[in-house]
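All remarks here apply to the structure that follows.
The values are calculated or read from the model by the stated rules, or taken from the named source; none is laboratory data. Computed from a predicted model, the values in this text were never measured in an experiment. Glycine also receives a Cβ, built like all others from the backbone with ideal geometry; neighbour counts cover every protein chain displayed. In case anyone asks, the SASA skips ligands and DNA or RNA and just uses the protein heavy atoms, side chains included. Shrake-Rupley method; radii C 1.70, N 1.55, O 1.52, S 1.80 Å.
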Amino acid sequence: HHWQNDNSADIVIKIKPGMAFGTGHHETTWLMLNQILKHIKPGMSILDLGTGSGILSIAAIKLGAEKVDAVEFDSDCESKFNENLQLNHIEKNIHYHHHDVLTWEYFNYDIILANINCNIIEELIPKLKGTKALVILSGLLKTDDKTMEQIFIKQNFQVKEKVIKG
């Protein structure tokens, strides 16, 4: 699969097949990649919550991010994540953390990515209250819309854009 980025050549991301998620074809991943292409600028710091296969972290580095913290609780993901880093010849600037995203405390980044399920996102949002980061969320269903809207209002979040696919 490849994504076009207006201001540069194609970016190729190699992902080892055989994972349930994270090959880039899944709607939530596709939506996230499109947002990343729009928002990540060279030198930025990125937090990738629920990194899984690492596809978003890898894309961020390829777009010039200076530092990526990739957080994943499922320990099965770590070896696949590392294989994907090797496939893409990424040796530095991505730090993998085997950690529950809901107990992660540090949110001082330019962009925070969270492609995880709605229940976790609901719990995560209050924790993101103080961040100056652009927060990009995916994994929400259309049916969660009203609930999420209430949460955003309550936490003084400003919704800049909403994109729906599938």
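Just to be sure before I move on: is residue 125 at pLDDT 90 or above and either over 18 Å from residue 32 (Cα atoms) or of a type in the set (Val, Ile, Thr) (or both) in the structure I sent? Write out each step before concluding.
On the way: at pLDDT 90 or above: yes; either over 18 Å from residue 32 (Cα atoms) or of a type in the set (Val, Ile, Thr) (or both): yes.
The answer is yes for residue 125.
I want to confirm something. Restricting to region 141-159 and keeping residues that are touching a helix residue (DSSP H, G or I) at 6+ places or on another chain (Cβ under 8 Å) and part of a helix (DSSP H, G or I), which single residue is surrounded by the most Cβ atoms within 10 Å (Cβ to Cβ)?
148
One residue is enough: does region 29-43 have a residue meeting the conditions surrounded by 20 or more Cβ atoms within 10 Å (Cβ to Cβ), in contact with a Cys (Cβ under 7 Å, 6 or more places away or on another chain), modelled with pLDDT under 95 and closer than 25 Å to residue 147 by Cβ?
no
Conditions tested, residue by residue: (1) in contact (Cβ under 8 Å) with a residue 40 or more places away in the chain; (2) in contact with a Leu (Cβ under 7 Å, 6 or more places away or on another chain); (3) not β-branched (Val, Ile, Thr).
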position: 70; (1), (2), (3): no, no, yes
position: 75; (1), (2), (3): no, no, yes
position: 105; (1), (2), (3): no, no, yes
position: 112; (1), (2), (3): yes, yes, no
position: 128; (1), (2), (3): no, no, yes
position: 134; (1), (2), (3): yes, no, yes
position: 138; (1), (2), (3): yes, yes, yes
position: 147; (1), (2), (3): no, no, no
position: 164; (1), (2), (3): no, no, no
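Are any residues in region 121-130 assigned to a helix (DSSP H, G or I) and open to solvent by less than 50 Å² (accessible area, probe 1.4 Å), and if so, which ones? Even if it seems obvious, please write down each step before you answer.
Let us first name the residues in region 121-130 that are assigned to a helix (DSSP H, G or I), namely 121-127.
Scanning region 121-130 gives 121, 124, 125.
Going through 90, 61 one at a time, which residue ends up being of a type outside the set (Phe, Trp, Tyr), under 21 Å from residue 14 (Cα atoms) and assigned to a helix (DSSP H, G or I)? Before the answer, list the steps.
Details: 90 fails: assigned to a helix (DSSP H, G or I).
Answer to the check: 61.
Restricting attention to region 93-109, which residues are outside any strand (DSSP E or B) and surrounded by fewer than 20 Cβ atoms within 10 Å (Cβ to Cβ)? Walk me through how you get there before you give the answer.
Here is the first cut: in region 93-109, the residues outside any strand (DSSP E or B) are 93, 99-109.
Scanning region 93-109 gives 93, 99, 100, 102, 103, 104, 105, 106, 107, 108.
Can you tell which of 120, 116 is in contact (Cβ under 8 Å) with a residue 24 or more places away in the chain, in contact with a strand residue (DSSP E or B) (Cβ under 7 Å, 6 or more places away or on another chain) and closer than 24 Å to residue 163 by Cα?
On the way: 120 fails: in contact with a strand residue (DSSP E or B) (Cβ under 7 Å, 6 or more places away or on another chain).
Going through 120, 116 in turn, the sole match is 116.
Yes or no, residue by residue, for (1) over 21 Å from residue 17 (Cα atoms); (2) surrounded by 24 or more Cβ atoms within 10 Å (Cβ to Cβ); (3) out of contact with any helix residue (DSSP H, G or I) (no Cβ under 8 Å at 6 or more places or on another chain):
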position	(1), (2), (3)
51	no, yes, no
56	no, yes, no
77	no, no, yes
88	no, no, no
